[in-house]
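To keep things clear, I will list the structure first and then write my remarks on it.
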Amino acid sequence: MKIDSHIPAVTDDLDLTLAASSFAALGSEQRLCVLRALVRAGPEGLSIGALGDRAGVTGSTLTHHVKVLAQAGLVTQARQGRSIICAAVAYEQVRHLSEFLLTACCADSAAPCKDHDHG
């Protein structure tokens, strides 16, 4: 695979390796549903049971997806009494991921699109 020399290996805001890792963690419809449910719940988060109900994912599958998202730094898990509460914590990281893509939007185009924001 040839890489153009004028395209930087990393961006100022987000390291390419971190972006790839984060996008990989989001590379599942079920994980996206889990993260979206946690973002919608806000900083209080959700118990595992409530998260499973809202995301439509339960049992060991939910545990696996939460673990992947936690390893990517996108969610946290904390014990509160007998419950495990999951919460989305990486709002800034998710914003940086979108900026990672949008700041390069139309960068190599002779006539950049004017019908959308370029980050």
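Some notes on this structure:
Conditions (1) at pLDDT 95 or above; (2) in contact with a helix residue (DSSP H, G or I) (Cβ under 9 Å, 6 or more places away or on another chain), marked per residue:
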| site | (1), (2) |
| --- | --- |
| 35 | no, yes |
| 39 | no, yes |
| 44 | no, no |
| 50 | yes, yes |
| 55 | yes, yes |
| 66 | yes, yes |
| 71 | no, yes |
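- For the range 32-64, a tally of residues being surrounded by fewer than 19 Cβ atoms within 10 Å (Cβ to Cβ), of a type in the set (A, V, I, L, M) and touching a strand residue (DSSP E or B) at 6+ places or on another chain (Cβ under 7 Å) returns 2.
- Test result for residue 66, assigned to a helix (DSSP H, G or I), closer than 23 Å to residue 30 by Cα and either of a type in the set (A, V, I, L, M, F, W, C) or within 19 Å of the chain's Cα centre (by Cα) (or both): yes
- If the condition is being in a loop (DSSP other than H, G, I, E, B) and free of Cβ contacts under 8 Å to residues at least 40 places away in the same chain, then the range 43-57 contributes 56, 57.
The values are calculated or read from the model by the stated rules, or taken from the named source; none is laboratory data. Given the structure is predicted, the values throughout are model-derived calculations rather than measurements. Note that each Cβ is placed from the backbone with ideal geometry, even for glycine, and that neighbours are counted across all protein chains shown.
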